[in-house]
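Everything below concerns the one structure shown next.
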Amino acid sequence: MAEHVQTAPPRDPHPAYPVGLRLAGRRVVVVGGGQVAQRRLPALIAAGADIVLVSPSAKPSVEAMATAGEIRWERRRYEEGDLDGAWYVLVASSDPDANRTASAEAERARVWCVRSDDAEAATAWTPATGRSDGVTVAVLTGRDPRRSAAVRDAVVEGLRDGTLAAPRRRAGTRTGETPVVALVGGGPGDPDLITVRGRRLLAEADVVIADRLGPRDLLDELPPHVEVIDAAKIPYGRAMAQEAINEALIEHARAGKAVVRLKGGDPFVFGRGMEEAHALAAAGIACTVVPGISSSISVPGAVGIPVTHRGVAHEFTVVSGHVAPDDERSLVDWAALARLRGTLVVLMGVDKIGAIARALVEHGKAPGTPVALIQEGTTAAQRRVDATLATVAEVVRAEGVRPPAVIVIGEVVALGDGR
């Protein structure tokens, strides 16, 4: 029996030479107004090209580009001389004769020509292109456009989520530029729920000042040279004072390092992000804020509880429970919250939930109102405990519910998977 030996595809003796064309203000001719033009025109417009479309008809989206003045449209078949003054031509019509005529003229005029109908007859190929944060990725794999697109997608995705490290030139004292600190919301805990931009900035960091409630698994992915500073604010435990956090951000930024302040949830939802932004501004250091997915909506959603639902809750309110209702420092109007018919989400309220429940009931909330406590939401340790306003204090004690936990109060709790 003959063996089937897999061999590599033959090597192209003359591979395409990659180059980036700067087309701003330069004449580009597109022949044909169909699907290929619909896909390619936006990039040519973004490049600032002076675009002339030659085609008897065009798709509605292409026609809209002409109506908006982004391209000029000659509503006719291609004619000899249409390439006069052109730097680049895209031949993409459904008329074979027009395609051949345009291609032949391009050859005589030495104008680079892309042929959508015949790659072999073209003098240029369009790469599979993607962009991420100022980087353009262009991939050519000869005659395999699907592979080009797959490689392009993999590279762009890696750049976006930070798994493909591509550090940029650092800002800071090493270059004489103004230092910048990134305040990054890490989301509720699952490392997959950090934003693409947040993950990319982590991949570029020299120093990461991290909260306990940030996505800890992401820290394991950091290169060995990255300094990780523990800024944990553990209830009843040791804490890094906010002033010390501010000083650390300023010190490392002034040293020319790329600094990321990694916070749980969103930096501006009970995260003291604005305090840090103010401290940086006072020190003359710019900061960029990367919003994060707040645990107030994502953690209930992770256990099947919607914070709003048609016919059940038309609003939801998020409050901090770190100060008891009867504490003079409290800024929450618990009487007003008790009158609301929607959903109440309490963060940082596990140890005060008994007092919170009593205050709500005293102000008119029904004792039987459903309550759900979701501990370590979106992580492998996630668990949900259900109660009512009348029983929640005892249930917390009996079940040993500990922070971090998100508390959901309202009829939407009964819609979730745990009821």
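The values are calculated or read from the model by the stated rules, or taken from the named source; none is laboratory data. What you see is a predicted model, and the numbers here were worked out from it, not measured in a lab. No Cβ is skipped: glycine too gets one built from the backbone with ideal geometry, and neighbour counts run over all protein chains shown. Please note that ligands, DNA and RNA were not included when accessible areas were found on the heavy atoms of the full protein model with its side chains. Shrake-Rupley method; radii C 1.70, N 1.55, O 1.52, S 1.80 Å.
Annotations
- Any hit, segment 250-260, residues being surrounded by fewer than 16 Cβ atoms within 10 Å (Cβ to Cβ), in contact with a strand residue (DSSP E or B) (Cβ under 8 Å, 6 or more places away or on another chain) and not aromatic (Phe, Trp, Tyr): no
- Taking the criterion of being more than 28 Å from the chain's Cα centre (by Cα) and in a strand (DSSP E or B), the only residue of segment 389-419 that qualifies is ILE409.
- For segment 77-84, the criterion of being surrounded by 14 or more Cβ atoms within 10 Å (Cβ to Cβ) and out of contact with any helix residue (DSSP H, G or I) (no Cβ under 9 Å at 6 or more places or on another chain) is satisfied by no residue at all.
- Every condition in (1) at pLDDT 80 or above; (2) under 17 Å from the mean Cα position of the chain (by Cα); (3) among the polar types (S, T, N, Q) holds for THR163 except the one numbered (1).
- Unique match (being part of a loop (DSSP other than H, G, I, E, B) and closer than 18 Å to GLY187 by Cα) among VAL299, VAL307: VAL307
- For segment 70-115, filtered to residues that are basic (Lys, Arg) and outside any helix (DSSP H, G or I), the residue that is nearest to ARG27 (Cα to Cα) is ARG72.
- Filtering segment 89-119 to residues that are on the phi < 0 side of the Ramachandran plot and charged (D, E, K, R) leaves ASP95, ASP97, ARG100, GLU105, GLU107, ARG108, ARG115, ASP117, ASP118.
- Filter pass, ARG131 being open to solvent by less than 40 Å² (accessible area, probe 1.4 Å), in contact (Cβ under 8 Å) with a residue 24 or more places away in the chain and either β-branched (Val, Ile, Thr) or closer than 19 Å to ALA43 by Cβ (or both): no
- Filter result (open to solvent by less than 50 Å² (accessible area, probe 1.4 Å) and either modelled with pLDDT under 95 or farther than 13 Å from GLY416 by Cβ (or both)) within segment 290-301: VAL290, GLY292, SER294, SER295, SER296, SER298
- Within segment 396-418, the set of residues being touching a helix residue (DSSP H, G or I) at 6+ places or on another chain (Cβ under 9 Å) and within 24 Å of GLY364 (Cα to Cα) comprises VAL396, VAL406, ILE407, VAL408, ILE409, VAL412, VAL413.
- Test set (1) open to solvent by less than 70 Å² (accessible area, probe 1.4 Å); (2) within 32 Å of the chain's Cα centre (by Cα) - PRO60 fails condition number: (1)
- Test: residue in segment 357-367 that is open to solvent by less than 20 Å² (accessible area, probe 1.4 Å), assigned to a loop (DSSP other than H, G, I, E, B) and modelled with pLDDT of 95 or more: no
- Close contacts from segment 63-83, counting a first residue that is farther than 12 Å from LEU53 by Cα and a second that is at pLDDT 95 or above and open to solvent by less than 40 Å² (accessible area, probe 1.4 Å), with Cβ to Cβ under 7 Å and a gap of 6+ residues or different chains, come to GLU80/GLU105.
Per-residue answers, yes or no, for (1) touching a Ser or Thr at 6+ places or on another chain (Cβ under 6 Å); (2) touching a residue at least 60 places away in the same chain (Cβ under 8 Å):
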position: VAL303; (1), (2): no, yes
position: THR308; (1), (2): no, yes
position: PRO325; (1), (2): no, no
position: GLU328; (1), (2): no, no
position: MET348; (1), (2): yes, yes
position: ILE356; (1), (2): no, no
position: ALA359; (1), (2): no, no
position: LEU373; (1), (2): no, no
